[in-house]
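The values are calculated or read from the model by the stated rules, or taken from the named source; none is laboratory data. All of these numbers come straight from a predicted model, not from anything done at the bench. Cβ coordinates were reconstructed from backbone atoms using ideal geometry, including for glycine residues, and neighbour counts include every protein chain displayed.
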Amino acid sequence: MSAIPVSGDRVHALLVDGTTVCVRPAGPGDHDAVLRLYTGMSDANLRRRFFTLSRRSAELAAARVTRPADSGYHALVAEHGGRIIGIAEYQKDARASGDSAEIALAVSDGRHRRGVGTLLLEHLVSAARARGIRTFTADALADNHDVLKVFADLGLRAVRQFDGPEVHCLIPLDDTEDYRVSVEGRGRAADVASLTPLLRPESVVVVGAGRSPGSVGRAVLRNLRTGRFPGRLFAVNPKAATICGVHAYPSLAALPLVPDLAVIAVPAAEVAEAAKECGTLGVRALLVVSGGLDASQATALLAACRNHDMRLVGPNCLGLANTEEAVRLDATFAAAHPEPGTAGVAVQCGGVGIALLGGLERLGIGVSSFVSLGDKYDVSGNDLLQWWESDGRTGLALLHLESFGNPRAFSRTARRVTRRMPILTVDAGRTEAGRRAAASHTAAAATTTMTRRALFTQAGITATRTVPELLEAAALLHAQPLPPGSRVAVVTNAGGAGVLAADACAEAGLTLPALPPQLVDDLLRVLPRAATAGNPVDTTAAVSEEQLRACLDRLAADDAVDAVLVALVPTAVAAATGDVLVRSLTHAPDRRSRTTAAILLDQETPVRLLPTDTGQIPAYADPQAAARALAHAAERARWLARPPGTVPELDDVDTDRARAVVAAHLEHHPDGGWLDPRTCAELLGCYEIPQVPWAWAESEDEAVLAADRLKGPGGQVVLKAHWPGLIHKTTEHAVRLDLRGDAQVRAAYRDFELRFGHVMTGAVVQPLAPRGIELFAGVVQDEVFGPLVLFGLGGTASEVLADQAARLAPLTDHDVHDLITAPRCAPLLFGLDAPGPVDLAGLEQVLLRLSRMASDLPQLAEADLNPVLALRDRVTALDARVRLLPRDAHDPYLRRLR
């Protein structure tokens, strides 16, 4: 897979009509282009921008925008087609405390109401926040309705003050949920508009459609034609007049009209030039099925798309399809056309795409749209989720993603979309050759598997291990209502089959409750004499169609269970053959209020959908498959039943001081590294993370004095040696516990000096902590996924037992609850074998403060609190390590293309 080019400060983003623009800082070389923008404005717009008609104002503004940058001024420009079409700038207010700046905005005539100004302001807000600016101010004429609307619709709490013909606006730059929702709304509208030429084109050209049967381009063209695409269809081949009955032209320039979508199927060396020709012609979207591009070819392809305002699927992909009746687009080289339906499918691997399409076809689940993302230079799973959210057809989203361009933006989109439809994915790339070669417990625990699972869990995505498991879950979610809980009643005509089904349910995390006595009596009245009505319900092989139907109806009507799983095997009893019993499932009163699934042990296909009088019932050949599907459905129901979490406010956090501590350390250690104990404690103190009292000692006399001051009720203290790079103190035997009296403290310090004197810089002295539950809390900054908070059993057992849970920051109140309850040690925290629970509120605060610290400080590579002592009345970090790296702040929610 080729690397996706990165453009530094230059980013590309979408306007609300789907147009691609480049947003970048202004520079001295932009003077003439900026002046051209101002002088091209009408008199009315020039007056609204400068409050005067003087052209001198435009010259001064152009000089200011393109002057060398300084710390108090910042200007951004938006480019399209090589021309600057918008400018946004701020100047710090020298009269204010340094956290306020005045802004100005200009958009070229003819570009108003297309989102240019709003997009520029979003990027200016992000840049200002990173530089400590907390408020924007702006002056505008009262009749400048366009700019006032931009300020009002931004999503920030703009306050207006009218003063005659002028309006003074005050815009706090608080990072609120309302602002993020506003940004997402604009991004969604722009995304859908930009994808329309891809997924709803009115005309298509295939570039590179060959005459030989093995040509990929020819296969795509054939599928477009046989799929009855209703729009104009063309081929480009200089050596053929027609291909597959479609008129062929010698070049793109010879086409009778500009197509919306171009499918490129030429050799890798010719892809970028073909893309550039398409862009020059005015094509709006590209589908590149060609593969094998090297880095320079990849850069040229993406540059052509960005410079010419085209969205791109691929390269190296199977193609895309939209089964909408008015579109009927099959631009793939798959063997069969996808059937229309409600499942949206996006995959990176073409082989997985073929498997998913084949599996859905066997189930009878049609496809709304299918996109093979390939090397995913541009269009991603995030784009497709937003398309399916808006297309009015998709009710089930299936994803196979091997990588994530912006996981935090993907997570927010998925959290919103999955409340409207199930999102299922195959958790690809779960295994690792070994644990990360990391120094801290946190980094060692934060595997790729754990990070991906945290993303899927928090976003409400149903993550499966294999493609067959995904299809199993999709069948149930497509055909049946969600169970309100995880209580399952198993019904079987063979005791052994019932035991297998019950075991499978238990292994999947489902419960088989004892049935209420009244329900048991009702079941026994309608079942054969030898039947038993425990759970599983054994109907015996003598059960008839009518008896089984009556049994299922009673279970479906009772609130004692949430789902019914029917395990049937063929028997030699004439009244109970397999087909007859299956009929009792499919011809019955409406049971849609209760989730129902079947296990047909003689079934040859892994899963199929049985048509019923009122819908469909999924039937599985294997009990584990049925139980897994029910467990996925129950987990989705739980996720939907819980309201979205909120990130709690922490009022006693000193973010400015924390950033100053980080900046000071990196100034003296440009390559970063582990903090010394004093700096580490200072940083944790900025977030009020509770730490045990401690003192720093650089000699045995200092150690004795500190021990005398800090010793606990029993007089014991702890001595910990320290030197730069020391991580695992216990492994290095650099910790001495339970020291009493001056002599033991001196002896311990001398021992450290004897063994570590060549590297030791000092020692930490602490009182001996009381007995309690030792936990572990930490955070690691993943360069792709962002900060990941981990929690679990701590002390020396943390890595041996690997009892940890993880969630991506920023943590919501629900995330914190899940972190505390997920590890196997959770019952200990809630009072198992103890007089009462530990300080759960204090534990939540530690995790929230770690999350906030990591979210505030992108330079925080790792933070490791181990052990964290949990008692009934308090939670305290006994040992802490923090590692910093020189990293710039990155706004994961800023609108930009990959």
Quiz prompt | Selection count, region 834-848, where residues are surrounded by fewer than 21 Cβ atoms within 10 Å (Cβ to Cβ) and either closer than 11 Å to residue 650 by Cα or free of Cβ contacts under 8 Å to residues at least 60 places away in the same chain (or both) | solution = 9
Practice problem: Could you please find all residues in region 77-129 being closer than 20 Å to residue 190 by Cβ, assigned to a loop (DSSP other than H, G, I, E, B) and touching a residue at least 40 places away in the same chain (Cβ under 8 Å)? | Solution: 81, 108, 114, 115
Quiz prompt | Residue identified as within 16 Å of residue 221 (Cβ to Cβ) and in contact with a Phe, Trp or Tyr (Cβ under 6 Å, 6 or more places away or on another chain) among 302, 255 | solution = 255
Quiz item: What are the residue pairs meeting all of these: first residue in region 440-455, first residue within 27 Å of residue 732 (Cβ to Cβ), second residue of a type in the set (Phe, Trp, Tyr) and at pLDDT 60 or above, Cβ atoms under 7 Å, and 6 or more apart or on different chains?
Solution: 441/776
Exercise. Report, by residue number, each residue of region 164-192 that is crowded, with 16+ Cβ neighbours inside 10 Å, within 30 Å of residue 313 (Cβ to Cβ) and touching a residue at least 40 places away in the same chain (Cβ under 8 Å).
Key: 183, 184, 186, 187, 188, 189, 190, 191, 192
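Could you grab me the full set of residues in region 38-90 that are of a type in the set (D, E, K, R) and under 14 Å from residue 117 (Cβ atoms)? Give the steps one after another, and end with the answer.
Here is the first cut: in region 38-90, the residues of a type in the set (D, E, K, R) are 43, 47-49, 55-56, 59, 64, 67, 70, 79, 83, 89.
Within region 38-90, 48, 49, 89 qualify.
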Self-check item: Failed item in (1) surrounded by 15 or more Cβ atoms within 10 Å (Cβ to Cβ); (2) under 32 Å from the mean Cα position of the chain (by Cα), with residue 643 passing the rest
Solution: (1)
Quiz item: Out of all the residues in region 196-208, is one or more surrounded by fewer than 20 Cβ atoms within 10 Å (Cβ to Cβ), touching a residue at least 60 places away in the same chain (Cβ under 8 Å) and in a helix (DSSP H, G or I)?
Solution: yes
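Is it the case that region 45-53 has a residue that's outside any loop (DSSP other than H, G, I, E, B) and in contact with a Phe, Trp or Tyr (Cβ under 8 Å, 6 or more places away or on another chain)? Reasoning before the result, please.
Quick first cut of region 45-53, residues outside any loop (DSSP other than H, G, I, E, B) only: 45-50.
Now drop any that are not in contact with a Phe, Trp or Tyr (Cβ under 8 Å, 6 or more places away or on another chain), which leaves 46, 49.
Checked region 45-53: at least one residue is outside any loop (DSSP other than H, G, I, E, B) and in contact with a Phe, Trp or Tyr (Cβ under 8 Å, 6 or more places away or on another chain).
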Exercise. Please find, among 287, 261, 281, 293, the residue that is touching a helix residue (DSSP H, G or I) at 6+ places or on another chain (Cβ under 8 Å) and more than 24 Å from residue 214 (Cα to Cα).
Key: 281
Practice problem: Give the residue that is nearest to residue 884 (Cα to Cα), with candidates limited to residues of region 383-412 that are in a helix (DSSP H, G or I), among the polar types (S, T, N, Q) and modelled with pLDDT of 95 or more. | Solution: 386
Quiz item: So which residues in region 581-605 are buried (at least 18 other Cβ atoms within 10 Å of the Cβ) and either modelled with pLDDT of 90 or more or part of a helix (DSSP H, G or I) (or both)?
Solution: 581, 582, 584, 585, 595, 596, 597, 598, 599, 600
Exercise. Taking residue 679 as the residue in question, decide whether it is under 35 Å from the mean Cα position of the chain (by Cα), over 27 Å from residue 814 (Cα atoms) and of a type outside the set (A, V, I, L, M).
Key: yes
Exercise. Answer yes or no as to whether residue 115 is buried (at least 23 other Cβ atoms within 10 Å of the Cβ) and in the same structural domain as residue 149 (by TED's automatic domain parsing).
Key: yes
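Across region 357-380, what is the number of residues that are hydrophobic (A, V, I, L, M, F, W, C) and touching a Ser or Thr at 6+ places or on another chain (Cβ under 6 Å)?
The qualifying residues number 1.
Rundown of residues vs (1) in contact with a Cys (Cβ under 6 Å, 6 or more places away or on another chain); (2) in a loop (DSSP other than H, G, I, E, B); (3) outside the structural domain of residue 100 (by TED's automatic domain parsing); (4) more than 30 Å from residue 654 (Cα to Cα), yes/no style:
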residue: 133; (1), (2), (3), (4): no, yes, no, no
residue: 137; (1), (2), (3), (4): no, no, no, no
residue: 143; (1), (2), (3), (4): no, yes, no, yes
residue: 147; (1), (2), (3), (4): no, no, no, yes
residue: 152; (1), (2), (3), (4): no, no, no, yes
residue: 155; (1), (2), (3), (4): no, yes, no, no
residue: 161; (1), (2), (3), (4): no, no, no, yes
residue: 168; (1), (2), (3), (4): no, no, no, yes
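Rundown of residues vs (1) small (Gly, Ala, Ser); (2) touching a strand residue (DSSP E or B) at 6+ places or on another chain (Cβ under 7 Å), yes/no style:
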{"position": "59", "(1), (2)": "no, no"}
{"position": "71", "(1), (2)": "yes, no"}
{"position": "77", "(1), (2)": "no, yes"}
{"position": "81", "(1), (2)": "yes, no"}
{"position": "85", "(1), (2)": "no, yes"}
{"position": "98", "(1), (2)": "yes, yes"}
{"position": "106", "(1), (2)": "yes, yes"}
{"position": "115", "(1), (2)": "yes, no"}
{"position": "121", "(1), (2)": "no, yes"}
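Among the residues of region 342-368, what is the count of those that are among the polar types (S, T, N, Q) and surrounded by fewer than 22 Cβ atoms within 10 Å (Cβ to Cβ)? Break it down into steps so the answer makes sense when it comes.
Just the residues of region 342-368 that are among the polar types (S, T, N, Q), to begin with: 342, 348, 368.
Adding the requirement that they be surrounded by fewer than 22 Cβ atoms within 10 Å (Cβ to Cβ) leaves 342.
Qualifying residue count for the region: 1.
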Quiz prompt | Hits in region 683-729 (condition: touching a helix residue (DSSP H, G or I) at 6+ places or on another chain (Cβ under 6 Å) and in a loop (DSSP other than H, G, I, E, B)) | solution = 687, 689, 693
Quiz item: Hey, any hits in region 743-756 for a residue that's at pLDDT 95 or above, farther than 20 Å from residue 874 by Cβ and hydroxyl-bearing (Ser, Thr, Tyr)?
Solution: yes
Quiz item: Which members of region 746-770 meet the condition of being surrounded by fewer than 20 Cβ atoms within 10 Å (Cβ to Cβ), of a type in the set (Val, Ile, Thr) and touching a His at 6+ places or on another chain (Cβ under 8 Å)?
Solution: 761
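Would region 133-140 turn up any residue that is of a type in the set (Ser, Thr, Tyr), surrounded by fewer than 15 Cβ atoms within 10 Å (Cβ to Cβ) and either in contact with a strand residue (DSSP E or B) (Cβ under 9 Å, 6 or more places away or on another chain) or more than 18 Å from residue 95 (Cβ to Cβ) (or both)? Please lay out each step first, then the result.
Applying the first criterion (of a type in the set (Ser, Thr, Tyr)) to region 133-140 yields 135, 137.
Still in the running and surrounded by fewer than 15 Cβ atoms within 10 Å (Cβ to Cβ): none.
Scanning region 133-140, I find no residue that is of a type in the set (Ser, Thr, Tyr), surrounded by fewer than 15 Cβ atoms within 10 Å (Cβ to Cβ) and either in contact with a strand residue (DSSP E or B) (Cβ under 9 Å, 6 or more places away or on another chain) or more than 18 Å from residue 95 (Cβ to Cβ) (or both), so the answer is no.
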Practice problem: Among the residues of region 444-488, write down those that are over 24 Å from residue 645 (Cα atoms) and out of contact with any Lys or Arg (no Cβ under 9 Å at 6 or more places or on another chain). | Solution: 466, 467, 468, 470, 474, 476, 478, 479, 487, 488
Practice problem: Kindly indicate the residue of region 852-892 that is in contact with a helix residue (DSSP H, G or I) (Cβ under 8 Å, 6 or more places away or on another chain) and of a type in the set (Gly, Ala, Ser) and also modelled with the lowest pLDDT among those meeting that condition. | Solution: 889
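Quick one: which residue in 90, 73 is of a type outside the set (A, V, I, L, M, F, W, C), crowded, with 20+ Cβ neighbours inside 10 Å and more than 30 Å from residue 304 (Cβ to Cβ)?
Values: 73 fails: crowded, with 20+ Cβ neighbours inside 10 Å.
Answer to the selection: 90.
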Quiz item: Within the bounds of region 220-232, is there any residue that is in contact with a Pro (Cβ under 8 Å, 6 or more places away or on another chain) and among the β-branched types (Val, Ile, Thr)?
Solution: no
